[in-house]
Amino acid sequence: DEVYCSVAGPLVSDFVNGLSSTLIVYGQTGSGKTYTMFGEPLDGSSAVLTGDSRGVVPRVCEEVLEALKVREEQGIDARVAMSYVEVYGQEVFDLLRDGARVGQSRVAGQRYVLDGNCETEFSNLTEVHELLRTGDSQKRRAATAMNFNSTRAHTVVALTLCQRNLENGTEHTSRFLLADLGGSEQLAKSKANEGMKDIGTTSWAEYYQARERVSEATGINLGLFALKNCIDALNERQVALKEGRRPPRVPYQDSKLTMLLSGALGGDARTAVVVAGTLDSVHAPETIQTLRFGERCRGVENKASLNSADLRAAVDEIDLQISMLESDIRRKERWETRREVRQDIEGEETIATSVLVGAEAERAKLESALRRRSVLLGDPQPDDR
């Protein structure tokens with residue numbers, strides 16, 4: 001609950017109000033990243049996961065669906081869809097379509113995901129958890145010495161929210177990326193290469209299985225290395241710009257993972273990074289490296305924007321309506337004196353009060369317009385203060 005409320009909750013508000021958002025979980029293998037993101041896996045006996053065992057992803061979907069109910073009451077039609085993909089080496093696989101590989105090239109795979117070709121719409125929690133169950137069943141997993149159920153690739157859940165104002169027809173799209181990064185690991189500790197040490201005493205099946213584990217670990221580590229290089233370059237870029245020097249190139253193209261996350265790392269998205277460590281002293285060096293990575297991420301500054309000519313047009317339309325209503329109110333309203341006779345044991349008393357009348361309907365419309373404007377811009381409502 002604490003992780004969700006302090007980190008993911010504010011990102012959901014930004015996402016619903018038109019800002020693209022990203023949450024990245026990073027850490028050593030076996031440190032609890034996947035549990036943080038997805039919680040306990042659903043079994044076949046339950047359609048919906050409830051309670052504290054829910055992870056960040058199902059909670060985000062739940063809160064988004066609740067927010068869309070309010071949007072509907074305010075005259076905004078909204079649709080939300082999910083993509084659930086796995087980045088394995090330099091390839092992307094669609095976990096909602098039997099793990100099919102997407103795109104025929106590095107760039108094509110990235111565009112295929114970000115252009116919405118992997119999306120499946122959902123409208124309730126039962127559909128959300130069915131999508132999560134389907135995707136989870138397609139993940140690459142293997143037992144290692146550090147994690148008996150280790151995911152062997154990077155996983156990205158992408159939520160796309162399309163909103164349309166029924167009154168003026170303007171549309172806006174925002175995206176929320178939730179990335180469960182594969183755990184960084186040392187082969188000496190994870191023992192992913194155990195079956196390759198002595199080929200003379202292992203079967204060919206064990207040898208090839210071990211070789212696949214090593215390939216998976218190498219792919220994960222290369223993606224994380226590319227991510228670290230991008231974070232370092234973004235930090236150096238900020239320093240260079242402040243000092244008036246030519247900024248360095250950010251190597252997003254070095255891996256499919258960083259290509260997918262490029263908008264979150266150095267674009268206009270609101271981004272948060274959760275680092276997961278372990279208290280076991282044996283893994284202290286890896287935990288320190290994880291914390292240092294978090295420090296580097298903290299130094300990167302993104303300027304989140306509404307990327308929204310359409311949203312700006314909607315706000316301008318509401319501003320015009322507000323101006324016209326205020327003009328009508330000034331023209332129609334007048335003060336009216338009303339007298340009320342009150343009786344008590346000492347006798348009668350006449351109370352005169354002055355009230356504004358003549359523009360009650362316009363006042364109600366003005367309050368509604370102000371509420372819609374606040375919702376579009378993400379301003380706090382009176383009940384939230």
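The values are calculated or read from the model by the stated rules, or taken from the named source; none is laboratory data. Note that the structure is predicted; figures quoted are calculated from it, not measured. Backbone-built Cβ (ideal geometry, glycine too); neighbour counts: all protein chains shown.
Scanning the range 75-96 for residues being closer than 23 Å to S123 by Cα and not acidic (D, E) gives a total of 12. Put simply, of R296, R246, R292 the only residue that is basic (K, R), assigned to a helix (DSSP H, G or I) and free of Cβ contacts under 8 Å to residues at least 40 places away in the same chain is R292. All of (1) at pLDDT 70 or above; (2) surrounded by fewer than 18 Cβ atoms within 10 Å (Cβ to Cβ) hold for E194 with one exception: (1). Taking first residues from the range 327-356 that are part of a strand (DSSP E or B) and partners that are acidic (D, E), the Cβ contacts under 6 Å between residues at least 6 apart in sequence or on separate chains come to V341/E348; R342/E349; I351/E340; V355/E336; L356/E333.
For the range 362-370, indicate whether the set of residues that are modelled with pLDDT under 80 and either in the same structural domain as H172 (by TED's automatic domain parsing) or under 47 Å from the mean Cα position of the chain (by Cα) (or both) is non-empty. Steps first, please.
Of the range 362-370, the ones modelled with pLDDT under 80 are none.
There is no residue in the range 362-370 that is modelled with pLDDT under 80 and either in the same structural domain as H172 (by TED's automatic domain parsing) or under 47 Å from the mean Cα position of the chain (by Cα) (or both).
Scanning the range 342-366 for residues that are surrounded by 10 or more Cβ atoms within 10 Å (Cβ to Cβ) and within 16 Å of K332 (Cβ to Cβ) returns L356, V357, G358, A359, E360, A361, E362, R363, A364, K365, L366. Any chance the range 20-27 includes a residue that's in contact with a His (Cβ under 6 Å, 6 or more places away or on another chain), in a loop (DSSP other than H, G, I, E, B) and either within 22 Å of A81 (Cβ to Cβ) or at pLDDT 85 or above (or both)? No, there is no match, as no residue in the range 20-27 is in contact with a His (Cβ under 6 Å, 6 or more places away or on another chain), in a loop (DSSP other than H, G, I, E, B) and either within 22 Å of A81 (Cβ to Cβ) or at pLDDT 85 or above (or both).
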